[in-house]
Amino acid sequence: MKLLTIYLMFSLSLLIINGCDKPAVTELTQDEEQLEVEVLTKYTDDEYYAADSSGVVDDLKRYTNVVTVSGLKITRGSATINAAFAQAIFFDKRFQVESPDGRLIGFRTRILGDVKFNDVNTRLSEYRIKFKNRNNGTHKDTLLGYRHVLNSLFPLQDFNYHYSSLVAFDLDLLPILGGSSISFNIPTPSEITGTIRFEGKRTDNTLKAILAWNGENHTNFEIIVGASVRNSENTFPLFRLKTNDDGGLIVPSELINKIPTEFDRVVINLVRKLESYHENNNNELYILSQSIHSLVIDIP
């Protein structure tokens, strides 16, 4: 296992980050292996974020059209929930959405037509950006519009994510947009399964997290670390760790003990990703497929 000696804090399992300042990236070398650490959230008091169930932890403002599919496992204690999630979001870059202090946090969305994944019709779901009001400390959100969603945990949505396989995507454009269809297959990565345990104590700053998973040397692998408060919906992504998919990592006390004491839960997302772009009539779609195991654990 590799020893990571950097500063940590973390986000809860499934969420999208929007509106953050350009993240800082640090490269470290431990045990003759290079590790890249990206800061996702610098200050939990005032960062803008969008809580989500898609497993995406990226700044989607960079893209015009986004299609994501995720195979999700969420483990709390001895219980594991399996889920599949798919979404398509089409942004209209003509209509910016800004925070009260003038920061760009996103763009309005638009409906281009009907969307299916594996021949299952999506439903329209609100797409919101959540943020904390700096003036009074209250949490607010802004509706950007609607996105196309499939979630296997919702009733009447018979959608499954098959690992090391393909997901079929279909977009039937509105007649006003020409009425044509866009169809292609999205490859999916192999399933990832991990475990987490703590050693040491938070009270004497010796607490560290020991991660293990079925390493497969996948070329696009990352670990998202963050913090949340038990029984609260507000969660914060703090770091993205780029390391080898070799099956083990020790997240040491130097990092775990930096988590503010108001947080009492850590969530580690182990993620294998496949990314690509699809071009159709000058409309570029960013395609993201993910295998995610989210490990939720109370801080002892």
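Summary of computed values
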{"item": "Unmet criterion (only one of (1) surrounded by fewer than 18 Cβ atoms within 10 Å (Cβ to Cβ); (2) small (Gly, Ala, Ser); (3) at pLDDT 80 or above) for Gly145", "result": "(1)"}
{"item": "Residue match in the range 154-169 (condition: crowded, with 20+ Cβ neighbours inside 10 Å and part of a loop (DSSP other than H, G, I, E, B))", "result": "yes"}
{"item": "Residue list for the range 235-277, restricted to those being surrounded by fewer than 16 Cβ atoms within 10 Å (Cβ to Cβ) and either touching a Phe, Trp or Tyr at 6+ places or on another chain (Cβ under 7 Å) or at positive phi (or both)", "result": "Gly247, Lys258, Tyr277"}
{"item": "Residue selected from the range 170-200 under the condition of a type in the set (Gly, Ala, Ser) and surrounded by fewer than 16 Cβ atoms within 10 Å (Cβ to Cβ), by the criterion nearest to Leu270 (Cα to Cα)", "result": "Ser190"}
{"item": "Of all residues making up the range 237-273, the number that are among the acidic types (Asp, Glu) and under 20 Å from the mean Cα position of the chain (by Cα)", "result": "1"}
{"item": "Matching residues, the range 117-132, being touching a residue at least 40 places away in the same chain (Cβ under 8 Å), farther than 30 Å from Pro237 by Cα and either buried (at least 16 other Cβ atoms within 10 Å of the Cβ) or of a type in the set (S, T, N, Q) (or both)", "result": "Asn118"}
{"item": "Answer residue from the range 280-300, given it is surrounded by fewer than 17 Cβ atoms within 10 Å (Cβ to Cβ) and assigned to a loop (DSSP other than H, G, I, E, B) and is farthest from the chain's Cα centre (by Cα) among those", "result": "Asn281"}
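The values are calculated or read from the model by the stated rules, or taken from the named source; none is laboratory data. Bear in mind the structure is a predicted one, so any value in this text is a computation, not a measurement. All Cβ positions, glycine included, derive from the backbone under ideal geometry; neighbour counts span all protein chains shown.
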